[in-house]
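The values are calculated or read from the model by the stated rules, or taken from the named source; none is laboratory data. Computed from a predicted structure; not experimentally measured. Backbone-built Cβ (ideal geometry, glycine too); neighbour counts: all protein chains shown.
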């Protein structure tokens, strides 16, 4: 690849192709998560909400909205980015991308940008869906958008790394299924970790998803399990680690030139 000099046509071509893939799989990409969200409200909001009506002064149905959106952002960002780069490697068309007049930064921006865009759109759709079930109030809309953007980009970078690392479809799905989703369910998406007894509350602070969900929930209702600064710091740290790993991957050609 050539040294960095922005090539908008090349970036737009990859970005557009990735976005069109979402349109071709609209039922899988959009309808399925929306239906799943509705089921979460029926099950958690109906079954648990009837017994635990308020958490931190917020109705339980409204309380779980940020957690549901964050669950979608994490899983969809990883899935979209990992599949986006894995298929060119699987079909061997990655060599055409590597030989194209695109820098490493442009390739990452195109794939990660498309994955993050799709995740944010889906998150907004889920937010709109939630308003049909519960009243949702956003106290800090700027920070809500900021958390959505930072989280989507950070985990799209993580998904991009997984897509390069994976050697088959099983490896492509194993980390989201066995690591990310359980951490999200145990990260306060459907409850406050303040409700947990010790030592479980202390152990929950080692779960990185707690910081993401807490910061995002604060942007809605002004409440959170940890400080907003800690949430932003973790997100920035995670993004920095992913960027460092990608720098190493493109520098060494790991799995890209094999």
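Going by the conditions given, is residue 179 in contact (Cβ under 8 Å) with a residue 24 or more places away in the chain and either assigned to a helix (DSSP H, G or I) or touching a strand residue (DSSP E or B) at 6+ places or on another chain (Cβ under 9 Å) (or both)? So residue 179 fails the test.
Just one of the numbered conditions (1) closer than 30 Å to residue 58 by Cα; (2) in a helix (DSSP H, G or I); (3) without any contact (Cβ under 8 Å) to a residue 24 or more places away in the chain; (4) touching a helix residue (DSSP H, G or I) at 6+ places or on another chain (Cβ under 9 Å) is not true of residue 132: (2). Here region 91-106 is the region considered, the condition is being over 22 Å from residue 169 (Cα atoms) and in contact with a helix residue (DSSP H, G or I) (Cβ under 7 Å, 6 or more places away or on another chain), and the residue that is surrounded by the most Cβ atoms within 10 Å (Cβ to Cβ) is 102. Pairing each residue of region 37-64 that is closer than 20 Å to residue 123 by Cβ with any residue that is assigned to a helix (DSSP H, G or I) and at pLDDT below 75, provided the two are 6+ apart or on different chains, yields C-beta distances under 9 Å for 61/41; 61/44; 61/45; 61/46; 64/41; 64/44; 64/45; 64/48.
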